[in-house]
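The values are calculated or read from the model by the stated rules, or taken from the named source; none is laboratory data. Here the structure is a predicted model, which is why all the values come from computation and not from measurement. Cβ placement follows ideal geometry from the backbone for every residue including glycine, while neighbour counts extend to all protein chains displayed.
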Amino acid sequence: MLSRVANSLYWMVRLIERADNLSRIIEVNGQLLLDHERLDSERLRAFWKPIILSTGDEALFSEQYSEAGSAEVIRFLTEDRKNPNSIVSCIAQARENARMVRDQLSEELWEELNSLYLFINSSEGEQLLQNDPPRYYETIRRATFTFHGIAAASISRSEAWEFMDLGRHLERADKTTRFLDITSFLPETEETAGGRGFQWTAILRSCGALGAFRTGHRGEPCASNVVDLLMFSPDFPRSVRYCADRIDRSLHRISGHPRGAYCNDAERVSGRLLSELSYGSTEEILEAGLHAYLDGLQSRFNEIGEEAFRAYVLLPDGVETRPPIPAASVSAVVAWQMAQQQQ
Amino acid sequence: MFDAYEADGFYDEMFDRDGGVRPHYQGLLDRFSAFPTDDFEARRASCDQHFLRQGVTFNVYHDERGTERIFPFDPVPRVIPADEWEHLEAGLTQRIIALNLFLHDIYHEQHILNDGIIPRHYIENATHYRPEFRGVDVPKDIYIHICGSDLIRGADGAYYVLEDNGRCPSGASYLLENRNALKRAFPNLFESLGVRSVDSYPRVLRDMLQHVSPHREGEPVCVLLTPGCYNSAYFEHCFLAREMGIDIVEGRDLVVMDDFVYMRTTHGLVRVDVIYRRIDDDFLDPTVFRKDSVLGVPGIMRAYQAGNVALANAVGTGVADDKVIYYFVPKIIEYYLGQDPILPNVPTFLASEDSDRKYILEHLPELVVKAANESGGYGMLMGPSATQEEIGKFKEKIIADPRNFIAQPVISLSRSPTWCEGNMEGRHIDLRPYIVYGEDVKIVPGGLTRVALRKGSLVVNSSQGGGSKDTWVLK
């Protein structure tokens, strides 16, 4: 398949997944903040900072907002069009990518994504965000679920699918580590002195993992059993290990190389990561420090993404090429050139 | 629904001079009359919704929020009876064959110039003439593979060819999407009315592309080359590529090595045999044409001249749809085919001929003046509705550069009933059928009927308040 098409399919799904997870992160943080009403603005900043770091651009945020209160952060992450990683921007870019590969998508799939885009840009969408934020985020999550469902039911398990699956699981794995990281930044309070059970419950709920937790574990959610599920479960679709397995599988299906060996650096990194997760343990991680471990995982996800790009999208050495034209920088000249092609 | 309808003295597609319905519209009239107004309006609105959801839209340039508009769709179809269609088919086939013979000649021996049928300077001064391609043989000797000729019907009820779009005619996706929209909104309409299907268009197009492949072995790799997703016709490019089952590529997806064209895939480079390009000549190859083109493929002209890749349409076809050359098409038909043209031209005056220019300058308020190489309804003067100032400006332009202008009498285009905010009113229309020249000439029974939605307007272009209709050719 065309390299550009592979790249667009990958980003289309990745950005949809990002929008979904962002809406979850905003919700879980909102819930947790209810218990910390007395936080001063410095504390608040410390609380939201990792999320801005993980999803957006801190410099961009401080440039645009003088306050770092919850309302500002939520606006920045949800509907700020200047933030390329806000929910609204993610959906717009996902659709832009979908447009570039429309011929590869089923009509239903395109329509679902396009409807979501039309919704977030409609006055109806804006009002819902104003008046009933939980329903707004729920609408987005449902639409992304529907999107994944239609994709699963209408796209052949060909190379196109594998690139989409790769994008989905890379993003999902990354965001699960962000969920797990939330507690690292929550300040100690009177309530949490006796344990952070309610925080872990909120995290499980926002991952849609509460049901899976209850069937597999007894007792109250705590650091070790939640990490056990969200990091090491071989079956739960949002666990890091499950995602790593899917990433590794997709990469090998794309290359045709047998699993357990590698033919490019993306496969090498993903194979090593997968075996680490397959043989790792929760005790080990908690002992060494959860936050540092999650940091290390995130940089490896990035590495896999970059190496996959190098292997499949960048041109072979020595072939002359020109850079793509990003949406944001369509100059007047280019726009004019594009407008010429009509008869 | 049609009770208050007035033809206002124009040639009306649906009703004759005495207000009686023309026989080929009878079935439609019966069905439509059965709908209450509200219901009809709701069905029309559902078409718009469908187009918007489907993203059947064109982009509005220079709009920060990336606004997209739908091409307004009118639910009242335009109906063409079988005998009229046969006549059109014969005329359009004759025309595309003659134009292809003309292009071959112009880019080879130039008999038609040597014999003095067309003055040489008209060709050599044509903007889209590409002298560097003289002597280059194109695959299967076909130049215009896809032609979107614009036809109009005058007050006398006769069809005329208004212009031949032989470069990159657009709009074919609307031919198919309008049909889908109408079928969806009025599912029971088509059953017994004997409307011919237009579904075969993508197959016809694909067969043509495969036919012109310069390589014999294996199935040819055909691609559609688009300027990109910011182009106003991008939806159409995707639509056609998907329907044909071929890849849609941008310039940056293609590379030229050793005079062959390749596309970049996840598993290396794959040779491309045929390119259905939706990019103008000027932007195709920055090493040959416009140096600043970011849309094209450096080196693609080398591969083309070496005969290693086919382009549809060929390079340099624009000389045939130059509005000055248009004037000579009846002579071209006569010269190459020894036949009378089946479809007439609109009477045309050339500003570069002294007597014609004199006539033009004296009669500007009655004439339509067009720049020779513009399309999309730009660079035009509509004499009867122009101000004194506009007329004065055009006068200067014509005198300064007579080669660039032609003039025609105002043809009052035929009208068709059109749903205008709850009422049926007459609006002017034209017709663009799509002629495909591959192994033989094929014309899908239908076309794009464009309609000038503004009351009294004669301009049907989408950029200037035009919409479109489904076009029915009856069995």
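What helices (runs of 4 or more DSSP H) completely inside the stretch A:45-132 contain at least 2 residues that are within 21 Å of the chain's Cα centre (by Cα) and crowded, with 21+ Cβ neighbours inside 10 Å?
The qualifying helices (runs of 4 or more DSSP H) are A:70-78, A:87-100, A:107-120.
I'm checking my understanding of the structure. Among residues of the stretch B:261-286 that are more than 14 Å from residue A:1 (Cβ to Cβ) and of a type in the set (D, E, K, R), which one is farthest from the other protein chains (Cβ to nearest Cβ)?
B:273
Considering only the stretch A:256-273, I want to know if a residue exists there that is assigned to a helix (DSSP H, G or I), of a type in the set (Ser, Thr, Tyr), in the same structural domain as residue A:178 (by TED's automatic domain parsing) and touching a residue at least 60 places away in the same chain (Cβ under 8 Å).
No, the conditions are met nowhere in the stretch A:256-273.
Which residue pairs have Cβ atoms under 9 Å apart, sit 6 or more places apart or on different chains, and have a first residue in the stretch B:6-19 that is over 18 Å from residue B:159 (Cβ atoms) and a second that is at pLDDT 95 or above and of a type in the set (A, V, I, L, M)?
Final answer for the pair search is B:7/B:14; B:15/B:21.
Only one of these is touching a Ser or Thr at 6+ places or on another chain (Cβ under 9 Å), among the basic types (Lys, Arg) and surrounded by fewer than 24 Cβ atoms within 10 Å (Cβ to Cβ): B:302, B:277, B:271. Name it. Walk me through how you get there before you give the answer.
Values: B:277 fails: surrounded by fewer than 24 Cβ atoms within 10 Å (Cβ to Cβ); B:271 fails: touching a Ser or Thr at 6+ places or on another chain (Cβ under 9 Å).
The match here is B:302.
Quick one: which of B:244, B:208 is in contact (Cβ under 8 Å) with a residue 40 or more places away in the chain, more than 13 Å from every other protein chain (Cβ to nearest Cβ) and touching a Phe, Trp or Tyr at 6+ places or on another chain (Cβ under 9 Å)?
The unique qualifying residue is B:208.
Could you tell me whether any residue of the stretch B:123-144 is within 14 Å of chain A (Cβ to nearest Cβ), within 20 Å of the chain's Cα centre (by Cα) and surrounded by fewer than 17 Cβ atoms within 10 Å (Cβ to Cβ)?
Within the stretch B:123-144, one or more residues are within 14 Å of chain A (Cβ to nearest Cβ), within 20 Å of the chain's Cα centre (by Cα) and surrounded by fewer than 17 Cβ atoms within 10 Å (Cβ to Cβ).
Please state which one of B:358, B:469 is of a type in the set (D, E, K, R) and surrounded by fewer than 22 Cβ atoms within 10 Å (Cβ to Cβ).
B:358
How many of the residues in the stretch B:399-427 are among the hydrophobic types (A, V, I, L, M, F, W, C), in contact with a helix residue (DSSP H, G or I) (Cβ under 9 Å, 6 or more places away or on another chain) and in a loop (DSSP other than H, G, I, E, B)?
The qualifying residues number 1.
Report yes if residue A:184 is assigned to a helix (DSSP H, G or I), surrounded by fewer than 19 Cβ atoms within 10 Å (Cβ to Cβ), in contact with a helix residue (DSSP H, G or I) (Cβ under 8 Å, 6 or more places away or on another chain) and modelled with pLDDT of 90 or more, otherwise no.
no
Does residue A:267 satisfy the criteria of being buried (at least 23 other Cβ atoms within 10 Å of the Cβ), farther than 18 Å from residue A:175 by Cβ and either in contact with a helix residue (DSSP H, G or I) (Cβ under 7 Å, 6 or more places away or on another chain) or modelled with pLDDT of 90 or more (or both)?
Criteria met by residue A:267.
Which of the residues that make up the stretch B:136-170 are within 22 Å of residue B:232 (Cβ to Cβ) and acidic (Asp, Glu)?
B:150, B:163, B:164
Evaluate the following for residue B:417: is it buried (at least 24 other Cβ atoms within 10 Å of the Cβ) and farther than 19 Å from residue B:149 by Cα?
Answer is yes for this residue.
Tell me, which residue of the stretch B:50-61 that is more than 10 Å from every other protein chain (Cβ to nearest Cβ) and out of contact with any helix residue (DSSP H, G or I) (no Cβ under 6 Å at 6 or more places or on another chain) is modelled with the highest pLDDT?
B:51
Do you know which residues across the stretch B:29-52 are farther than 14 Å from residue B:419 by Cα and of a type in the set (A, V, I, L, M)?
B:34, B:52, listed by residue number.
Can residue A:64 be described as within 14 Å of chain B (Cβ to nearest Cβ), among the polar types (S, T, N, Q) and either touching a residue at least 60 places away in the same chain (Cβ under 8 Å) or farther than 30 Å from residue A:155 by Cβ (or both)?
no
Give the stretch B:219-233 a look and list any residue that's more than 7 Å from chain A (Cβ to nearest Cβ) and either surrounded by 23 or more Cβ atoms within 10 Å (Cβ to Cβ) or β-branched (Val, Ile, Thr) (or both), or say none.
Scanning the stretch B:219-233 gives B:221, B:222, B:223, B:224, B:225, B:226.
Would you check if there is a residue in the stretch B:62-71 being within 24 Å of residue B:421 (Cα to Cα) and modelled with pLDDT of 90 or more?
Looking for residues that are within 24 Å of residue B:421 (Cα to Cα) and modelled with pLDDT of 90 or more, one finds none in the stretch B:62-71, hence no.
Since residue A:288 meets every condition but one in (1) away from chain B (no Cβ under 14 Å); (2) touching a Gly at 6+ places or on another chain (Cβ under 9 Å); (3) at pLDDT below 95, which condition does it not meet?
Only one criterion is unmet by residue A:288, namely (2).
Please go through the stretch B:383-407 and give me each residue that is within 22 Å of residue B:455 (Cα to Cα), surrounded by 15 or more Cβ atoms within 10 Å (Cβ to Cβ) and touching a residue at least 24 places away in the same chain (Cβ under 8 Å), ordered by number.
The one that is within 22 Å of residue B:455 (Cα to Cα), surrounded by 15 or more Cβ atoms within 10 Å (Cβ to Cβ) and touching a residue at least 24 places away in the same chain (Cβ under 8 Å): B:383.
Are any residues in the stretch B:300-325 outside any helix (DSSP H, G or I) and closer than 20 Å to residue B:135 by Cβ, and if so, which ones?
Across the stretch B:300-325, the qualifying residues are B:306, B:307, B:308, B:309, B:310, B:311, B:313, B:314, B:315, B:316.
Of the conditions (1) closer than 30 Å to residue B:116 by Cβ; (2) in contact (Cβ under 8 Å) with a residue 24 or more places away in the chain; (3) not in a helix (DSSP H, G or I), residue B:328 satisfies every one except a single condition; which number is it?
Going through the list (1) closer than 30 Å to residue B:116 by Cβ; (2) in contact (Cβ under 8 Å) with a residue 24 or more places away in the chain; (3) not in a helix (DSSP H, G or I), residue B:328 breaks only (3).
One line per residue, one yes/no per condition, for (1) modelled with pLDDT of 90 or more; (2) touching a helix residue (DSSP H, G or I) at 6+ places or on another chain (Cβ under 6 Å); (3) among the small types (Gly, Ala, Ser); (4) part of a helix (DSSP H, G or I):
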| site | (1), (2), (3), (4) |
| --- | --- |
| A:142 | yes, no, no, yes |
| A:148 | yes, no, no, yes |
| A:162 | yes, yes, no, yes |
| A:167 | yes, yes, yes, yes |
| A:199 | no, yes, no, yes |
| A:203 | no, yes, no, yes |
| A:213 | yes, yes, no, yes |
| A:218 | no, no, no, no |
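Of all residues in the stretch B:170-198, count the ones that are assigned to a helix (DSSP H, G or I), away from chain A (no Cβ under 14 Å) and under 15 Å from residue B:46 (Cβ atoms).
Number of matching residues: 4.
So, in the stretch B:155-169, of the ones that are in a loop (DSSP other than H, G, I, E, B) and among the charged types (D, E, K, R), which residue ends up nearest to the other protein chains (Cβ to nearest Cβ)?
B:167
Which residues, taken from the stretch B:433-466, are in contact with a Lys or Arg (Cβ under 7 Å, 6 or more places away or on another chain) and either more than 18 Å from residue B:182 (Cα to Cα) or modelled with pLDDT under 95 (or both)?
Answer for the stretch B:433-466, where residues must be in contact with a Lys or Arg (Cβ under 7 Å, 6 or more places away or on another chain) and either more than 18 Å from residue B:182 (Cα to Cα) or modelled with pLDDT under 95 (or both): B:436, B:452, B:453, B:460, B:465, B:466.
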